[in-house]
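FYI, it's all coordinate maths here, none of it is from the lab. As the structure is a prediction and not an experimental result, all values here were calculated from the model. Don't worry about glycine lacking a Cβ; one is built from the backbone with ideal geometry, like all the others, and counts go over all protein chains shown.
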Amino acid sequence: MTSTVNTDGGAPHPQQASQDPPLLSHRKILTILSGLMMGMFLGALDMTIVSTAVRTIADDLDGLSIQAWVTTAYLITATIMTPIYGKLSDIYGRKPLYLIAISLFLIGSMACTLATSMYQLAVFRAVQGLGAGGLMSLAITIIGDIVPARERARYQGYIVAVFGTSSVLGPVFGGMFAGMDAFLGVDGWRWVFLINVPIGIVALFVVAKVLNVPHERQHHRIDWWGAVSLATAVIPLLLVAEQGRDWGWTSTGALICYVVAVGGIALFIQVERAMGDAALLPLRLFRNPTFSVAIAAGMLVGVAMFGTMTLIPQYLQIVQGFSPTEAGLLTLPMMGGIMVATTITGRFTSATGRYKLAPVIGTLLISLGALLLAQIEWNSPVWQPMVYMGVIGMGLGGCMQTLVIAVQNAGPRSDMGVSTASATFFRQIGGTLGVAVFLSILFSTLTANVRAAFTELGLPAAAASAGDRDIMVDSSFLKTIPIEQAKPFLIGFTDSINTVFYVAAAVAFVASVVVMTMREIPLPEVRRQ
């Protein structure tokens, strides 16, 4: 039997004990985790494998100019569905919703293998996203259902292992399939999506068989208007984040997105206020200071995390000249750092019931790692960025899942699904905005930095102007010219990358300040009889 601490910091109420998760054996938890990890692996692998192969796919389907929509469509549906899955799972239970999420993802994956144009592929990727929105958040929620809060950190390493494995296998498989003309009579790139089918089928059977956690249905109305207003707010934001650099941040299309998003946010707040406890994201949760601070910190961590994880491969491929597969393997130190820090953090949290120190140190380590990456040069030995990635990985391992535990612990167990989904949702929003802002900074400073490098090396300005146009569109020419001619481009690109890492360091430092203000609610000790 366990006891639960009130969110207001007071003594635990006896009646809350019945809301604690059932005390399952370690073996039973691992059995359930096996199914959850397959579902999470589907979503995590898809993110890396598609990004590696998308250029080949776009060339084959004659849609290079619209390849961004393949990512944007998936991102929009996955992000919007995350809080919807959280709320519906609180009402109807985790198992049916998780099975629906896997099924939708499988249907979308099979449809993607049949796409004959980039527009079709974008639509089918949107179907994939409908399922992907539940794969991650529901799995983390289910862990919260079956594991007491104090022991929950012990199992986060399994989740990190999924991300670590997918980050390595994604670029390897993506590069391998993209490089094949055909395999077993099917175009090589189509296996990028087809590989999801056997994994998803196994995940369906395992989850259907082993995930039998009792659920007490909540009799709430479904907040459909909240879902509509949330989509109205989020879709324009994601569109402008993904397409704003091409459109222009002050273009007519971007301005329309800003206006619609603001109107959607205002409408969403009004609807949620009217819906009360039945709201998609109940506003009362945000009145809890621990919940609000953890959400804000998680969003900032998302900005720094996804931004740096996008730019590090850019540096390794464009400046250092590694292939996508090699660049994926070179990020292993980051995954190693995450796994080590997660293990240490989990043991500390389980032993003490304290979790605030981990994200404070973690965000500071992310800031330090980004500062170190800001010092790299175009010809730095590869061990330097690898070591610095390890520092960032240690930071991420200290704060990613710990902040989720803080969110879960801040509210009642009846809100476990919506609380966890909120943490995932806002981290995804932060990550999307982070990538958009960081890439915008990168490319907006690139031209000036390349020209400055030409000037510093005493080369003619005309060569710089021609080169700017080339590198902004396609950087592959850098591998075909002598190093003396490529050097100013590599220097300019590295200088722009350095600027972005300085910004990432500042964001991570702000996140550490935010976490320091969080009021910690100690995790209750687990007492077994």
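Here are a few things to note about the model shown:
- Using θ = phi - 60° in the Karplus curve 6.51 cos²θ - 1.76 cosθ + 1.60, the 3J(HN,Hα) couplings for the stretch 278-291 round to 7, 4, 4, 10, x, 5, 4, 4, 6, 7, 7, x, 5, 4 Hz; x is entered for Gly and Pro.
- Local electrostatic count at Val360 - Lys and Arg +1, Asp and Glu -1, tallied over other residues with Cβ under 14 Å: +2
- Put a plus charge on the Cβ of each Lys and Arg, a minus charge on the Cβ of each Asp and Glu, and nothing anywhere else: the dipole of the stretch 283-529 about its Cα centre is then about 1180 debye.
- Ordering Asn212, Phe501, Pro313 by Cα displacement along the dipole of the chain toward the positive end leaves Asn212 in first place; charges were set at the Cβ atoms of Lys, Arg (+1) and Asp, Glu (-1).
- Ranked packing of 231-244, 265-278, most packed first, by mean Cβ within 10 Å: 231-244, 265-278
- Relative contact order (%) - the chain, alpha-carbon pairs under 8 angstrom, separation at least six: 22 percent
- For the chain, a crude dipole built from +1 on the beta carbon of Lys and Arg and -1 on the beta carbon of Asp and Glu, taken about the Cα centre, is about 1680 debye to the nearest 20.
- Other residues with beta-carbon under 11 Å from the beta-carbon of Pro282 carry, at +1 per Lys or Arg and -1 per Asp or Glu, a net charge of -1.
- Net charge of Cβ neighbours under 15 Å - reference Val515; Lys, Arg +1; Asp, Glu -1: +3
- Of interest is the spacing of the C-alpha centroids, which for the stretch 214-291 and the stretch 336-387 amounts to 32 Å.
- Each peptide in 308-315, 139-146 was scored by the mean count of other Cβ atoms within 10 Å over its residues; highest first, the order is 139-146, 308-315.
- Ordered by the count of other Cβ atoms within 10 Å of each Cβ, fewest first, Met389, Met176, Met38 give Met176, Met38, Met389.
- Cα gyration tensor shape for the stretch 195-334, rounded if a/c is under 1.5, else prolate or oblate: oblate
- The stretch 283-529: C-alpha pair distances exceeding 22 Å, %: 57 percent
- Ordering Tyr155, Ser109, Gly337 by the projection of their Cα atoms onto the charge dipole of the chain, which places +1 on the Cβ of Lys and Arg and -1 on the Cβ of Asp and Glu, puts Tyr155 at the extreme positive end.
- Whole-Å semi-axes of the stretch 86-164's equivalent ellipsoid (Cα gyration tensor): 30, 15, 8
- For the stretch 224-279, the alpha carbon convex hull comes to 57 Å³ per residue, rounded to a whole number.
- Couplings for the stretch 404-415, taken from phi via the Karplus curve 6.51 cos²θ - 1.76 cosθ + 1.60 with θ = phi - 60°, read 5, 4, 4, 5, 4, 6, 7, x, x, 5, 5, 9 Hz in order; Gly and Pro are left as x.
- Compared with the dominant principal axis of the Cα atoms in the chain, helix 461-473 is inclined by about 40°.
- In order along the stretch 446-454, the Karplus-derived 3J(HN,Hα) couplings, from 6.51 cos²θ - 1.76 cosθ + 1.60 at θ = phi - 60°, round to 5, 4, 5, 5, 5, 4, 4, 5, 4 Hz, and Gly and Pro are given as x.
- Between the amide H of Asp187 and any residue lying 5 or more places away or on another chain, no distance stays under 5 Å, with hydrogens modeled in the peptide plane.
- Highest to lowest packing among 120-128, 221-229, 423-431, 247-255, scored as the average C-beta count within 10 Å: 423-431, 120-128, 221-229, 247-255
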